[in-house]
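Here's the structure we're looking at; comments come further down.
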Amino acid sequence: MKKYFIISLMFLFTNTNIFASHTDKNSVVLDKKNAIYWQDDLSSQKSSEDWDDAIEYCDKLILNNMKHWRLPTFNELLSIVDYTRVDPAINPVFEYVNEGTYWTSIDFSATTSRAWTIDFRTGKTYYNYKTTNHSVRCVKEIPASAKDEK
């Protein structure tokens with residue numbers, strides 16, 4: 001049993017880059033596992049004034065002539081955490097990282113005045129007041145026609 005656990009851990013930690021790669025336009029990361037594009041440019045280190053500002057920023061973002069960006073869900077953002085790394089604890093395919101906390105689109109269920117965040121210094125998750133400022137990394141669904149081509 002211990003042997004299988006060790007093999008599973010080795011597989012998990014050696015495949016952190018397989019799910020994602022930079023597109024030919026380096027400011028976007030293609031995430032085949034989640035079928036989304038990730039923003040990865042200098043502005044993906046942007047700090048928002050608050051959660052509403054983060055949502056508005058993604059909604060207005062035009063990157064590589066692509067519109068309709070949004071904040072990632074909790075699971076999407078958690079999927080790029082790399083627990084084998086610290087400062088930043090993020091998949092190394094990402095070039096632009098603010099070693100701090102990033103917003104998700106998900107409310108904290110106990111109160112709608114808070115939303116979930118992930119701290120990429122350590123990979124820990126938190127719920128924070130929506131009135132605080134945190135970094136923003138937007139995502140966009142991959143169109144069905146592009147999924148077939150990739």
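The values are calculated or read from the model by the stated rules, or taken from the named source; none is laboratory data. Nothing here was measured: the structure is a model prediction, and the numbers come from that model. Heads up, the Cβs are rebuilt from the backbone with ideal geometry, glycines too, and the neighbour counts pull from every protein chain shown.
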Where residues in the range 42-54 are crowded, with 18+ Cβ neighbours inside 10 Å and either touching a Ser or Thr at 6+ places or on another chain (Cβ under 7 Å) or on the phi > 0 side of the Ramachandran plot (or both), which of them is modelled with the highest pLDDT? A54
Filter the range 96-110 for residues that are within 15 Å of G123 (Cα to Cα) and either among the β-branched types (V, I, T) or outside any loop (DSSP other than H, G, I, E, B) (or both) and give the result. V97, T101, Y102, W103, T104
In the range 111-118, is there at least one residue being among the hydrophobic types (A, V, I, L, M, F, W, C) and not in a strand (DSSP E or B)? no
Pairs under 6 Å by beta carbon, first residue more than 18 Å from E99 (Cα to Cα) in the range 29-56, partner of a type in the set (S, T, N, Q) and surrounded by fewer than 15 Cβ atoms within 10 Å (Cβ to Cβ), six or more apart or different chains? L30/S21
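Listed residues V93, V86; which is assigned to a loop (DSSP other than H, G, I, E, B), in contact (Cβ under 8 Å) with a residue 24 or more places away in the chain and surrounded by 15 or more Cβ atoms within 10 Å (Cβ to Cβ)?
Going through V93, V86 in turn, the sole match is V93.
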E95 being of a type in the set (D, E, K, R) and modelled with pLDDT of 95 or more: no
Taking the range 57-83, which residues are assigned to a helix (DSSP H, G or I), over 11 Å from the mean Cα position of the chain (by Cα) and not hydroxyl-bearing (S, T, Y)? C58, D59, K60
